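First comes the structure, then the notes that go with it.
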Amino acid sequence: MAALARIRHHLSLAIFGTSLIELTTFSCIRLINMYFFKYQSPLGEIAISANDHGINALAFQRGSAPLAEPKEIKENKKLFNKITAQLDEYFAGKRKSFDLPLAPEGTPFRQQVWQALLEIPFGETRSYGWLAQHINNPKAVRAVGGANGANPIALIIPCHRVIGSNSKLTGYAGGVEFKAALLAHENATFIQE
């Protein structure tokens, strides 16, 4: 259970100019627990972090943007057992989408792009232009590319399914070789140089 810090406010009010009444109000600040887990995938170690709301980061540790392991690790076996089971199913070819609580942090624009990424089906790819059109912002192709690249939850929010309009692979925070491996695993069509 998350710890609660209480901030106590004292308000003294003069009532009818003679009596003082002290009102005490409590405001609660919820401290969010952070969890960290490492998963051994066929593509190497994946680090996953989560908070009380869901997964907030997933990265291939051999990629160009590994997650730093926090000094204090809290366990959430129920959440990580569910993640592990679904990742096992995905890599075994038995799962095409994930049913996990997600809590990525980003601007409203990035959140919109990440939500659109979740709509790209397993085994299919889309271009950055398609993604910009899909969020009703066709001139935002570069911004969409930036939001796609800033996706903190690789694989589960499938940014790897976004490729160039010429079907060629473009950058990937985990590394282009991981992007190619994930798309090959999903039998997606793409051009690798």
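Within 21 Å of A184 (Cα to Cα) and out of contact with any strand residue (DSSP E or B) (no Cβ under 6 Å at 6 or more places or on another chain): which single residue out of A59, A92 fits that description?
A92 is the lone residue from the list that is within 21 Å of A184 (Cα to Cα) and out of contact with any strand residue (DSSP E or B) (no Cβ under 6 Å at 6 or more places or on another chain).
Is there a residue in segment 85-107 that is of a type in the set (V, I, T), under 23 Å from L183 (Cα atoms) and modelled with pLDDT of 75 or more?
Within segment 85-107, not a single residue is of a type in the set (V, I, T), under 23 Å from L183 (Cα atoms) and modelled with pLDDT of 75 or more.
For segment 162-171, name all the residues that are closer than 17 Å to G123 by Cβ and surrounded by fewer than 15 Cβ atoms within 10 Å (Cβ to Cβ).
If the condition is that a residue be closer than 17 Å to G123 by Cβ and surrounded by fewer than 15 Cβ atoms within 10 Å (Cβ to Cβ), then S167 is the only one that fits.
Quick check on segment 82-92: of everything there that is of a type outside the set (A, V, I, L, M) and open to solvent by 50 Å² or more (accessible area, probe 1.4 Å), which residue is nearest to S41 (Cα to Cα)?
Checked segment 82-92; the qualifying residue nearest to S41 (Cα to Cα) is D88.
When you scan segment 32-39, do you find a residue that is under 20 Å from K179 (Cα atoms) and either open to solvent by less than 20 Å² (accessible area, probe 1.4 Å) or out of contact with any Lys or Arg (no Cβ under 7 Å at 6 or more places or on another chain) (or both), even just one?
Checked segment 32-39: at least one residue is under 20 Å from K179 (Cα atoms) and either open to solvent by less than 20 Å² (accessible area, probe 1.4 Å) or out of contact with any Lys or Arg (no Cβ under 7 Å at 6 or more places or on another chain) (or both).
Residues of segment 146-159 being without any contact (Cβ under 8 Å) to a residue 60 or more places away in the chain and part of a loop (DSSP other than H, G, I, E, B), which ones?
A150, N151, I157, P158
Working only within segment 102-116, note down all residues that are open to solvent by 50 Å² or more (accessible area, probe 1.4 Å) and either part of a loop (DSSP other than H, G, I, E, B) or aliphatic (A, V, I, L, M) (or both).
Once the filter is applied, which keeps residues that are open to solvent by 50 Å² or more (accessible area, probe 1.4 Å) and either part of a loop (DSSP other than H, G, I, E, B) or aliphatic (A, V, I, L, M) (or both), segment 102-116 yields L102, E105, T107.
Do we have G129 as in a loop (DSSP other than H, G, I, E, B) and either out of contact with any Cys (no Cβ under 8 Å at 6 or more places or on another chain) or not small (G, A, S) (or both) here?
Here the answer is no, as G129 does not meet what is asked.
Is there a residue being touching a His at 6+ places or on another chain (Cβ under 8 Å), under 22 Å from A57 (Cβ atoms) and hydrophobic (A, V, I, L, M, F, W, C) anywhere in segment 122-141?
no
Being in contact with a Phe, Trp or Tyr (Cβ under 7 Å, 6 or more places away or on another chain), surrounded by 15 or more Cβ atoms within 10 Å (Cβ to Cβ) and farther than 22 Å from P42 by Cα: is that true of A147 here?
Yes: the conditions hold for A147.
Within the bounds of segment 131-143, is there any residue that is surrounded by fewer than 16 Cβ atoms within 10 Å (Cβ to Cβ), under 30 Å from F36 (Cβ atoms) and not basic (K, R)?
Checked segment 131-143: no residue is surrounded by fewer than 16 Cβ atoms within 10 Å (Cβ to Cβ), under 30 Å from F36 (Cβ atoms) and not basic (K, R).
Would you tally the residues in segment 172-193 being on the phi < 0 side of the Ramachandran plot and surrounded by fewer than 12 Cβ atoms within 10 Å (Cβ to Cβ)?
4
Kindly evaluate A143 against the criterion of being closer than 18 Å to A173 by Cβ and either part of a loop (DSSP other than H, G, I, E, B) or among the acidic types (D, E) (or both).
No.
The values are calculated or read from the model by the stated rules, or taken from the named source; none is laboratory data. Treat the numbers as computed from the prediction; the structure is a model and nothing was measured. Neighbour counts run over all protein chains shown; Cβ positions are idealised from the backbone, glycine included. In case anyone asks, the SASA skips ligands and DNA or RNA and just uses the protein heavy atoms, side chains included. Shrake-Rupley method; radii C 1.70, N 1.55, O 1.52, S 1.80 Å.
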